[in-house]
Amino acid sequence: MRKRISRLLLLICAPALLWLHSTSAQQAPQAAVDYARDIQPILAAHCIRCHGPERQMARLRLDSMDAIARVVTPGNSQDSRLIVRVSGEGGEPRMPLGAPPLSTEQIRSLRAWIDGSAGATVAAPPNASKAATHWAFRQPVLAKAPPVKNAAWVRNPVDQFILAEIEKQSLIVSPEAARTTLIRRLYLDITGLPPSLSEVDAFLADRRPDAYDHLVEKLLASPHYGERWGRWWLDAARYADTNGFEKDRPRSIWPYRDWVIRAFNNDLPFDQFTIEQLAGDLLPGATLDQKIATGFLRNSMLNEEGGVDPEQFRVEGVIDRVDAVGKAFLGLTVACAQCHNHKFDPIAQREYYQFYAFLNSDDEPELEVPGEGVTRKREEIRKEIAKIEDDLRAKTTDIRNRLDGWERALKSDSRQWVPLRDAEIFASFGVKFDRLEDGSFMARGDNSTSNNYRVAATTELKDISEIRLELLTDPNLPRGGPGRANDGSLYVTELSAEAAPRDPAIPATKIGFDAVRSDFARAGFPPSNVIDGDMKTHWSSDAGPGRRNQDRTLFFTLAKPVGFDGGTKLTFQISQKFDEAIDLAGGKPNIGRFRLSIRTGRLASTDSSVANAADGAPGIVSPRVERLLAIPPAERTAEQEREIFSAYRTQVKEWQDSNRRIDDLMKDWPYGPTTLAVSERPRSRETRIFRRGDWKRPDTLVTPGVPAVMHPMAKDAPRNRLGLARWIVDKQNPLTARVIVNRVWQQYFGQGLVLTAEDFGTRAAPPSHPGLLDYLAIEFQKSDWSFKHLHQLIVTSATYRQSSRIRPGDLERDPTNQYLARAPRLRVEAETVWDVALAVSGLLSPKIGGPSVYPPIPDGVLNLAYGRPLDWPVSKGEDRYRRGMYTFWKRSLPYPNLLVFDAPQGDLSCTRRIRSNTPLQALTTLNDTVFVQAAQGFGLRIWKEGGATDTSRMKYAFRVATGRSPSAIELKRLLEFLHEQRGNFTGRTAAAVYVSSADLNSLPPDVDLHQVAPWTMVARLLLNLDETITKE
Amino acid sequence: MNYSGQSKNEYRKLLTRRHFFKECGVGLGSIALASLLENEALGQGTAAKTSNPFSAKAPHFAAKAKRVIYLFQAGAPSQLDLFDYKPQLAKYNGQPVPPEMVKDIDYAFIKRDAGLYASELKFARHGQSGSWLSEALPNLAGVVDELAIVPGMVTDAINHAPGQIFMNTGSVQFGRPSMGAWVTYGLGSESRDLPAFVVLSSAGGTSGGSGNWGCGFLPTVYQGVPFRRTGDPILALSNPRVVTREMQRQTLDALKQLNEQHL
């Protein structure tokens, strides 16, 4: 165990246990009782545990209509068993047994239902599934907008639905908010940034009747819209920049974040948006962008801790993906059915694993995103090389003959390799192997130390004369492998082998090697190093930039053929022992994927051209070229011919100079950043139900499928991720559109029409405005799933444009503001708190996209990282002041200034941020380094741009921070504060300098900091105003 | 001017409850405001007027304890050497694990046929309760009747991070509320001016990271407040450089008045 130091973690909770707290919830009696809305939730909450899919006490189930009919007599609640039992009448124990009784209101609802509409529901066909009964499983219906009295108020159908409820509740709509409030609200909602002063002025000056609509249009076209709403999606996508768990290493997946931003800015239709994220790689002719989109799935955490079973955490990753897809797209807590049938929703455990099966068959490649510069440079290099090669061809008159001769020689050995298929493998440090179809092994799990692989196999072959070790590329390896170093290279230190007959009594003998050859030899790392018995010398697969990620082969010729009657046990020891010197690219260069094969007999032909081939790799070509040569010459493409020629020329001695020039060109081969993606495995993994959700207890085999309660998959749809994605955005899907529009609504109004954005199941409270939810869902689909259309619809409504001022009595009449007779007044989200401070200060960088950045972080935070202090290379230049969404997100230690304002941790899909208000938030905006710097920037800005007088500067400052002019009282109080602060700096020049400037080494020129410092204090005050970080 | 002396002084003052209350009034202003916002934002359909998310709540049982102090000692000596007397293990010391016990288990670093290793320390019963303690705890033995020892806990998480998360949140998967978050959520706090749930961490961090004291799906207020070993014990607790106590007071007063003016 490494952990010698005792880590002491002291967690103190000081709860008080004193005040009693009465919670008698008031419930308004319902007019007409609806089974789905009113009855089923009661049954689900109180009865299903013992009378449902899991347990059927008294052989009674209350989760299907035909079963319920047993205890309900329609039209006669008095004689219905259900009522008798829940009310505890008739001397029988009251239900639910051993749990609090149903409330009077609930029993009243049950009675009303039985006496009223129960007859119709119970009489429905016995196999009527839950789909027919729970509102969310029924397709949205476009209801006629309800009639309203105050029709003049209505701007679009949204208002009609909202106003109808408002009038029903006898509430009164609020007046439209002030224009200064509206523009700031719109900016914060659509771009996540506050409007600049000139933008406010332009809007105030715009006297056109549709000025507001123009503003909406302009903002939806802003590239910052993609950032704002991209971040909204990244919550559900559980975006983070590290792998999570103990090691929590960095990962590169920001190209996915960029993709999301672009998708929103281009208004990619949501159905396409979904399909690309779940199955972009499976689309015909998939583009790089579409493959990047599958990063959605890869945002799962990854445990790289020493000794983990990689399969366990692969399974956990798939479980997380099921959860994320369930929450983000379907609003279903599918994850509940991992261990047992869903307790409340009609999802059986089998169906969970059928859903899981869609996501269980992927490779996990690291995709290169070359970018323009890299692509151009590569093209240049390719052209240069082609020129040299064309010259070689041109000046060699008998080139065709020579190539044919070379190819014949290579193929002269017709002996077949026999892969060792039923081998056993063992490695230390918990490294585990996948056994692939072709007999190769793929290493997984911990890769923090150099490792030895031991392989044992039995063969019936005799006269074994050669052994082959193939080092194979694989999409799951870094840069494609074949090694596990970050650049995909590997080093082999030694390979030794033993042979023994089957009889365990006879000891094994060591196999001696005559020679070892390879298709590649790097200077200083010849293949002979692996049989020299020296643990300090190695063979390396690293052929340099642009060439290192390809299959390689080592051939071992036995000094004496082996093979016993009755079978031979072969044991191989592949040693990898690295010193610091060769661990350059990062990540241990262990073998990633490999295969061992043997063959028998001697080479019959002694074609001299083989022996005479060039140094280093005499007469051997890489497995890739070997595969090309296997293609009949007539069927080869020009590109393949060129590759064959490239292999040939390296083996021609007299072309050394040309070869060297090409090698030099390749040294400049550039690489682009990578991102995580998925691709379908050539053969799908089988999926079994895990008993009680335990991955170690696989049970019945299942095939991909969707829950029976939902609409069926199209008959011709592929049973893979693409089929799944199309099923999710099928217009028959009753959930997807509703779930998405609800989350968009939630973002604007602070709460969704369905409060539980992540759960539309039977336990969720029904929507506050079912008609509106369905209207928006249908409108979203009809607009070709356009987010921008949806935004436009919402923000141009009269509902949205109301004032958020709370009128006397508002809090009593509608404390949660569910009827929206006023606009919500909400503290802006974590990233926006940050963005507002930087924007107001003038420091904010407008740069969009790119790798995550490292703004300053308090010292003490870094020390809390596990193992050693967190590496946090503070960004320089504009990257120090980027929007909050670009801050490097470490899962085990999220950036505190954002976390404290409720940014989600990123461990799991989050579709509803909690909004809390804590003293720590106030401390952050007051005292944290970044916010202090913002105040300094803002102070300087006020001094320079705010005019010549105290009053003009103060008005300017206040408007920049809040968007409106200060009232006379506010102005007076602010000027008082300014004078107070002037007094504080009288005769204290040093203090003035410290307060007003972030960097003493680069003080702003041409300003008297003594004069600026009081304004820095004003700036700090304004940045901390409640209004500054609030959407009014 | 000696700024560091000054800030040290301020830091000491901040540790007093009264001072925290007085000087950090703005924080509580936010909490009061939170009542308005929470009712709007969380809107769980209840008309409850709970203004403070920490307000003390009635427990299900009469309380005896006033506070919870929980020491999570990752990397400490094993329970097998302290509290957990394992006579069977002693019997098998040095022998391989009986195969039927490890049939379906894969061990990370250990071979299946590895030998068992019992504690080398002697155990004896102590106190009226007859609790087993090893000889490594001679002093604790004298007060053993004052302790409740729970030896029946099991885990199947063999790795550090999942194991720690399991211990602190009840799940090997990240994303669940920690014990402290639950306690604070369920019982609230008598104190209106001090963090209800604080975390002190010694030596390096823990494998589970902030998940060990996280709030999972509960509101962020219930997340533990880590006190740090360097810099401010609580992030951003001290005033920015050369902002004196008076200047901070003036700022907070102005803030309060302006906020009230607007609302």
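The values are calculated or read from the model by the stated rules, or taken from the named source; none is laboratory data. Since the model is a prediction, treat every value here as computed from it, not as a measurement. Virtual Cβ from ideal backbone geometry, glycine too; neighbours counted across all protein chains shown. Side chains are part of the model used for accessible areas, which takes the heavy atoms of the whole protein and leaves out ligands, DNA and RNA. Shrake-Rupley method; radii C 1.70, N 1.55, O 1.52, S 1.80 Å.
Quick look at the values:
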{"item": "Summed side-chain charge close to A:Pro633 - residues other than A:Pro633 whose Cβ falls under 9 Å, Lys, Arg +1, Asp, Glu -1", "result": "-3"}
{"item": "All aspartates and glutamates inside 13 Å of A:Lys411 as judged from Cα atoms, apart from same-chain residues fewer than 8 positions distant", "result": "A:Asp607, A:Glu626"}
{"item": "Between region A:730-798 and region A:434-504, the Cα center-to-center distance that results, in Å", "result": "53"}
{"item": "Those residues of region A:517-540 whose amide nitrogen sits under 18 Å from the label point placed on A:Ser646, 7 Å along Cα→Cβ", "result": "A:519-522"}
{"item": "Separation of the A:Asp1008 and A:Glu407 label points, Cα + 7 Å toward Cβ, nm", "result": "8.7"}
{"item": "Ratio of the Cα radius of gyration of region A:187-243 to 2.2 N^0.38 Å, where N counts its residues", "result": "1.45"}
{"item": "Dipole of chain A [Lys/Arg +1, Asp/Glu -1 at C-beta], most positive-end residue of A:Pro507, A:Thr799, A:Pro147", "result": "A:Pro147"}
{"item": "FRET E, pair A:Glu437, B:Ile149, Förster distance 60 Å, beta-carbon r, rounded to 0.05", "result": "0.65"}
{"item": "Isotropically averaged projected area of the protein assembly as shown, using the convex hull of Cα atoms (one quarter of hull area), nm²", "result": "59.9"}
{"item": "Lysines whose Cα lies under 26 Å from that of A:Lys782, excluding same-chain neighbours fewer than 8 positions away", "result": "A:Lys144, A:Lys218, A:Lys327, A:Lys715, A:Lys731"}
{"item": "Cα centroid separation - region A:287-329 against region B:117-176, whole Å", "result": "35"}
{"item": "Residue (of B:Gln88, B:Leu218, B:Ile158) at the positive-pole extreme of region B:84-233, dipole from beta-carbon charges", "result": "B:Ile158"}
{"item": "Among A:Thr537, A:Ser440, A:Phe296 the positive-end extreme of the charge dipole of the protein assembly as shown (Cβ point charges)", "result": "A:Phe296"}
{"item": "Protein accessible surface hidden between B and A, which excludes ligands and nucleic acids, total in Å², probe 1.4 Å", "result": "9800"}
{"item": "Inter-label distance, nm, simple model (7 Å from Cα along the C-beta direction), A:Asn1001/B:Leu140", "result": "5.1"}
{"item": "Extension gain (nm, one decimal) between A:Ser845 and A:Leu283, 0.36 nm per residue minus Cα-Cα", "result": "198.7 nm"}
{"item": "Shape of region A:811-920, Cα gyration tensor, a/c cut at 1.5", "result": "prolate"}
{"item": "Value in Å of the Kirkwood radius, where region A:918-990 supplies the Cα pairs that are averaged", "result": "13.7"}
{"item": "Solvent-accessible area, 1.4 Å probe, carbon plus sulfur percent, for chain A", "result": "53"}
{"item": "Accessible surface, per residue, of region A:775-906 when the full set of protein chains is kept, probe 1.4 Å, Å²", "result": "30"}
{"item": "Counted charge near A:Ile166, where neighbours are those whose Cβ lies closer than 13 Å (Asp, Glu -1; Lys, Arg +1)", "result": "-1"}
{"item": "B:Arg249-B:Arg67 FRET efficiency (beta carbon distance; Förster radius 30 Å; 0.05 resolution)", "result": "0.45"}
{"item": "Spin-label model distance (nm) - A:Leu97 vs B:Ala124, 7 Å beyond Cα toward Cβ", "result": "5.2"}
{"item": "Column: log10 I(q)/I(0), Debye, Cα scatterers of region A:764-803, q = 0.14, 0.19, 0.21 Å⁻¹", "result": "-0.36, -0.63, -0.73"}
{"item": "Dipole moment magnitude, nearest 20 debye, region A:987-1032 about Cα centre, only Lys, Arg, Asp, Glu C-beta charged", "result": "160"}
{"item": "Average other protein chain Cβ within 10 Å of Cβ, residues B:243-251", "result": "5"}
{"item": "Given charges at beta-carbon only (K, R positive; D, E negative), |dipole| of region A:249-296 in Debye", "result": "340"}
{"item": "Region B:147-202: Rg to Rh, with Rh as the Kirkwood radius over Cα pairs", "result": "1.05"}
{"item": "Within region A:538-552, backbone nitrogen closer than 19 Å to the virtual label 7 Å beyond the Cα of A:Met666 toward Cβ", "result": "A:539-552"}
{"item": "Anisotropy class of region A:374-490 from Cα gyration tensor, a/c 1.5 cut", "result": "oblate"}
{"item": "Residue-count net charge about A:Arg964 - beta-carbon cut-off 11 Å; Lys, Arg +1, Asp, Glu -1", "result": "+1"}
{"item": "Under 28 Å from A:Lys667, Cα to Cα: lysines that are on another chain or at least 8 residues apart", "result": "A:Lys377, A:Lys383, A:Lys387, A:Lys395, A:Lys536, A:Lys577, A:Lys588, A:Lys653"}
{"item": "Kirkwood estimate for region B:191-262, i.e. one over the average of 1/r between Cα atoms, Å", "result": "15.1"}
{"item": "Efficiency of FRET between A:Gln573 and A:Asp391 - r from beta-carbon atoms, R0 51 angstrom, step 0.05", "result": "0.60"}
{"item": "Mean Cβ count within 10 Å, highest first, over the residues of peptides A:191-202, A:238-249", "result": "A:238-249, A:191-202"}
{"item": "Packing-based ranking, highest mean first, of A:946-952, A:999-1005, A:279-285 given that Cβ atoms within 10 Å are counted", "result": "A:279-285, A:946-952, A:999-1005"}
{"item": "Debye, to nearest 20: dipole size of the protein assembly as shown, +1 on Lys, Arg Cβ, -1 on Asp, Glu Cβ", "result": "2020"}
